[in-house]
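The structure under discussion appears below in the form of structure tokens.
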Amino acid sequence: MLTEHAKLMKVLSASKEIIGRKKLQKIIFIAKKLNYPFYEKYEFHFYGPYSEELTLRIEELCNMGFINEVKEKKGGYYQYKYSLTKSGQEFLSHYDLDMPELQNCINELNAQSARFLELVSTILYFDHLDKEEVKEKVFTLKKKQRYTDEEVEEAYQFIQRLQDHKFSAKIS
Amino acid sequence: MTYASEKLPEEKVFKDPVHRYIHVRDKIIWDLIGTKEFQRLRRIRQLGTTFLTFHGAEHSRFNHSLGVYEIVRRIVDDVFRGRPEWNEDERLLSLCAALLHDVGHGPFSHSFEKVFHLDHEDFTQAIILGNTEINRVLSKAGAEFPKKVAEVIAKTYKNKQVISLISSQIDADRMDYLQRDAFYTGVQYGHFDMERILRVMRPREDQVVIKYSGMHAVEDYIMSRYQMYWQVYFHPVTRSAEVILSKILHRAKALYENNYSFQADPVHFYSIFKGDVTVEDYLKLDESIILYYFQEWQKEKDPILSDLCNRFINRRLFKYVEFQPSNEQLMKLIELTNLFKKAGIDPEYYLVVDSSSDLPYDFYRPGEEEERLPIHLLMPNGEIRELSRESEIVDAITGKRRTDHKLYFPLDFLKDFSEKRNLKKQILEILQLTDKDGFIL
């Protein structure tokens, strides 16, 4: 019961803090693409892959007092910070979740900017296409972000690194 | 003449209780309707288990898909045609995407997707792009045409205007299902002035906007949607049936994985249980197949599978109490779980928290990381304004998510005091189903 919620809490436990809703969305999507057992359904939205289900689960966890959400004004907009509360840690201790290498994977992702994770997750969303088609998608659907060729290359290398480090749950 | 521009010698019409008539002139649309993958939608109810609550809700995804097509046809042929912001070359693509937007839905897809981690949108893509009759029809209009249709439905097509016709906060999909579901369930909610909305829709770069004069019709549409969600879609009795359905699928899968010997061998489920379902396997599934197994599984030796199927087929549903997630309630849930185990009632199948949530309307705030495409009004001076900035009614519900949690359980098991009487009484007390003298309410 509430296992899917517990997995999200494990991500927050591994990362200590995640700054930004967009970042949280993209971290879970990328982890899912690396075969970690997250089952939130994603669709393509403004900022790339987005899951309404994930938004809902996070809200529920906040309501239950297991996750702390802090809203901060930053420049012209608000930013949200997420961390696990004490009762969240206590609740999580009831679960034995087998997610090898999750901590390292999440730390690696959390160290990146939200903009970069948006690019990485968009590339992964179109991973059934060949590289040239993916680039065309990025430059068409994300034209407002003005990603450069270098950033796309960097994102591909980052994905390769994640896979080489065997963060992929199936490989490990 | 190319296949894409080919018209039928005479217009075909379908009688429809919501739109009166659905008009087909394009040969490709007629051919798509005739494919076996599209005809399969006749055997999948639009509202899944809702027919167990509202007995009229027997309409299919076939009806709805035709309805969405008809709404888009009216928009592009009667409202957008000839307007400089509309590219007529996108007409056929919009119609095909509207018709096929739900073609990947399976039987009782809400439960199936949750239990087996499937996504009907993946199957929609696979059906449009794979070795199917639909793909062969679409390919006749151009080698790249199936891909474009798939992209519109996946919301990754370059022209956002086309996407927003089928998928946005005011789109043809919602406009059809609200009216159709209201008609078939028999409720008085869900009605709004669609003709008015269609007349005031205007194509703009990257989106479809609504003329300011149509704002009140849009307000009505948003309120209709809100009421339909809480009165029909999230009805607690329907959710009880969904809970039981999900648990049947869970149980069948668990038995299969433990090499249980089924009397009615679930051959249609094998690839789903194994997690390697192909499009071909998927297309063989419809509600008649699923209900056949549920009928047969009532006779299985496994008491849980047999009982759950009996409940679903004969509408002996679970009862519920309100459950507001909090630390205190979770402790209560853990206690109930232990008591259920002691009473010999497996909590994995018979004690279930179900949540429903809806956000009636929201808009994108720059930098706030929200993801919803807003409804934009076209003001008399040509300015574009977000709807909730102009409408006080919409502003009152904007961004306000409503969530409902319920705890489901088999009251009949708990009321059966022939064994474990004290434990069951204790459970009923925790569930607050007894009065101060201990009588069951």
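The values are calculated or read from the model by the stated rules, or taken from the named source; none is laboratory data. Being a predicted model, the structure only gives us computed values, none of them experimental. We place every Cβ from the backbone using ideal geometry, glycine too, and count neighbours over all the protein chains shown. Protein only, heavy atoms only, side chains kept; ligands, DNA and RNA dropped before computing areas. Shrake-Rupley method; radii C 1.70, N 1.55, O 1.52, S 1.80 Å.
Conditions (1) aliphatic (A, V, I, L, M); (2) away from chain A (no Cβ under 14 Å); (3) surrounded by fewer than 19 Cβ atoms within 10 Å (Cβ to Cβ), marked per residue:
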residue: B:I166; (1), (2), (3): yes, no, no
residue: B:A182; (1), (2), (3): yes, yes, no
residue: B:V187; (1), (2), (3): yes, yes, yes
residue: B:H191; (1), (2), (3): no, yes, yes
residue: B:R199; (1), (2), (3): no, yes, yes
residue: B:D206; (1), (2), (3): no, no, yes
residue: B:K211; (1), (2), (3): no, yes, yes
residue: B:V218; (1), (2), (3): yes, yes, no
residue: B:R225; (1), (2), (3): no, yes, no
Exercise for review: Residues being touching a Lys or Arg at 6+ places or on another chain (Cβ under 9 Å) and either aliphatic (A, V, I, L, M) or farther than 29 Å from B:A126 by Cα (or both): count how many of those fall in segment B:34-50.
Suggested key: 2
Point to revise | Residue among B:D302, B:D354, B:D358 that is more than 16 Å from B:S246 (Cα to Cα), within 13 Å of chain A (Cβ to nearest Cβ) and not polar (S, T, N, Q) | key: B:D358
Point to revise | Failed condition for B:S288, given (1) part of a loop (DSSP other than H, G, I, E, B); (2) touching a helix residue (DSSP H, G or I) at 6+ places or on another chain (Cβ under 7 Å); (3) over 30 Å from A:N63 (Cα atoms) | key: (1)
Practice item. Mind counting the residues in segment B:325-341 that are at pLDDT 85 or above and of a type outside the set (V, I, T)? Key: 8
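Each row is one residue, and each column tells you yes or no for (1) touching a helix residue (DSSP H, G or I) at 6+ places or on another chain (Cβ under 6 Å); (2) part of a helix (DSSP H, G or I).
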| position | (1), (2) |
| --- | --- |
| B:Q231 | no, yes |
| B:T238 | yes, yes |
| B:V243 | no, yes |
| B:L249 | yes, yes |
| B:D265 | no, no |
| B:I272 | yes, yes |
| B:D276 | no, no |
Practice item. Residue by residue through segment A:35-58, note down the ones that are part of a helix (DSSP H, G or I) and more than 7 Å from chain B (Cβ to nearest Cβ). Key: A:E52, A:E53, A:L54, A:T55, A:R57, A:I58
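Please determine, by comparing only the residues of segment A:42-51 that are farther than 14 Å from A:L8 by Cα and modelled with pLDDT of 85 or more, which one is most open to solvent (accessible area, probe 1.4 Å). Show your work before the answer.
Pass one, segment A:42-51, residues farther than 14 Å from A:L8 by Cα: A:42-50.
Still in the list and also modelled with pLDDT of 85 or more: A:42-44, A:49-50.
Values: A:Y42: 18, A:E43: 49, A:F44: 12, A:P49: 0, A:Y50: 19 Å².
Result: A:E43.
Going by the structure shown, is A:S13 in contact (Cβ under 8 Å) with a residue 12 or more places away in the chain, part of a helix (DSSP H, G or I), within 9 Å of chain B (Cβ to nearest Cβ) and among the small types (G, A, S)?
Answer is no for this residue.
Mind listing just one residue for me: the one in segment A:71-89 that is under 18 Å from the mean Cα position of the chain (by Cα) and open to solvent by 20 Å² or more (accessible area, probe 1.4 Å) and, of those, farthest from the other protein chains (Cβ to nearest Cβ)? Give the derivation first.
Pass one, segment A:71-89, residues under 18 Å from the mean Cα position of the chain (by Cα): A:79-84.
Checking the rest, the ones that are also open to solvent by 20 Å² or more (accessible area, probe 1.4 Å) come to A:79, A:81, A:83-84.
Numbers: A:Q79: 8, A:K81: 12, A:S83: 17, A:L84: 14 Å.
Within segment A:71-89, the match that is farthest from the other protein chains (Cβ to nearest Cβ) is A:S83.
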Point to revise | Pair list, Cβ < 8 Å and 6+ apart or interchain, from segment A:133-144 residues that are at the interface with chain B (Cβ under 10 Å from one of its Cβ atoms) to residues that are surrounded by fewer than 19 Cβ atoms within 10 Å (Cβ to Cβ) and basic (K, R) | key: A:T140/B:K158; A:L141/B:K158
Study note, to complete from the structure: Reported set for segment B:107-121 where residues are charged (D, E, K, R) and either away from chain A (no Cβ under 11 Å) or in a loop (DSSP other than H, G, I, E, B) (or both) is B:D119
Point to revise | Given (1) touching a Leu at 6+ places or on another chain (Cβ under 9 Å); (2) over 23 Å from B:I163 (Cβ atoms); (3) in contact (Cβ under 8 Å) with a residue 60 or more places away in the chain; (4) facing chain B (nearest Cβ under 7 Å), index of the condition A:M64 fails | key: (3)
**Study point:** Qualifying helices (runs of 4 or more DSSP H) (wholly inside segment B:354-441; at least 3 residues being under 18 Å from B:A217 (Cα atoms), modelled with pLDDT under 95 and open to solvent by 20 Å² or more (accessible area, probe 1.4 Å))
**Key:** B:392-397
